[in-house]
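Below you'll find the structure, written out as structure tokens, and then a few comments.
The values are calculated or read from the model by the stated rules, or taken from the named source; none is laboratory data. Since the structure is predicted, the reported quantities are computational estimates derived from the model, not experimental observations. Virtual Cβ from ideal backbone geometry, glycine too; neighbours counted across all protein chains shown.
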Amino acid sequence: MRLQLQPQQLASFTHTTPRHRGPGQRQNEFHWISLASGKPFALKPGTAREFTTLKKLRNHLAHFDPPCFAATLAEVRDWLNLVHTVADVLRDIRLHLAQPLSESTVNLLLLPRVEFVDQPLFDRIHPAQEQTIGYRVGPTEEARNRAYR
């Protein structure tokens, strides 16, 4: 389908045969914006790299290939903060098409950034009631003493 947009008119779609894309060929996902507006549209520097990161994460989580997943909390923080990149692109697209910002886009733009606060986990765990029962798991004796001073 091809998008045809005349100024101050609604978009109309015409059916065209899609081009065959071979392996390794990358399609410009944002080319439609230039076609719809009649003006060239380009992403800000670094945005394409962040979108590629987000797309790889989405594909891995959707297809779970390879079937394992592990991430640090710092990586999760970085992924959650990619929502600001998406919000910036949505804003740029709407402004480029001379459309008002939607309420959802404004809400995304106003979200606070996620911060990772490194806090020792075992400082809050109570010591075992008896030293002879169960497995010895948890903080060192020094950490327990520090937590209950």
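Just name the residue that is surrounded by the most Cβ atoms within 10 Å (Cβ to Cβ) out of those in region 51-77 that are out of contact with any Ser or Thr (no Cβ under 8 Å at 6 or more places or on another chain) and of a type in the set (Phe, Trp, Tyr).
Filtering region 51-77 down to residues out of contact with any Ser or Thr (no Cβ under 8 Å at 6 or more places or on another chain) leaves 52-53, 55-77.
This time we only want the ones that are of a type in the set (Phe, Trp, Tyr), so: 64, 69.
Working: 64: 10, 69: 8.
For region 51-77, the residue satisfying everything is 64.
Inside region 50-75, can you point out the residues that are more than 9 Å from the chain's Cα centre (by Cα) and under 27 Å from residue 118 (Cα atoms)? Give the steps one after another, and end with the answer.
Quick first cut of region 50-75, residues more than 9 Å from the chain's Cα centre (by Cα) only: 52, 56, 59-75.
Matches in region 50-75: 56, 60, 61, 68, 69, 70, 71, 72, 73, 74, 75.
Here is a list of conditions, (1) modelled with pLDDT of 90 or more; (2) over 30 Å from residue 119 (Cα atoms), and residue 81 meets all of them except one; can you say which number that is?
Unmet condition: (2).
Go through (1) modelled with pLDDT under 85; (2) within 14 Å of the chain's Cα centre (by Cα) for residue 27 and report which single condition fails.
Residue 27 satisfies all of (1) modelled with pLDDT under 85; (2) within 14 Å of the chain's Cα centre (by Cα) except (2).
Exactly one of (1) part of a helix (DSSP H, G or I); (2) modelled with pLDDT of 90 or more; (3) more than 30 Å from residue 60 (Cβ to Cβ) is unmet by residue 123. Its number?
(2)
Just a yes or no: is a residue in region 87-101 within 20 Å of the chain's Cα centre (by Cα), in a helix (DSSP H, G or I) and farther than 22 Å from residue 31 by Cβ?
The answer is no, given that none of the residues of region 87-101 is within 20 Å of the chain's Cα centre (by Cα), in a helix (DSSP H, G or I) and farther than 22 Å from residue 31 by Cβ.
Kindly list, by first and then second residue, each pair from a residue in region 87-116 that is closer than 24 Å to residue 75 by Cβ to a residue that is small (Gly, Ala, Ser), limited to pairs with Cβ atoms under 6 Å and residues at least 6 apart or on different chains.
108/87; 109/87; 116/74
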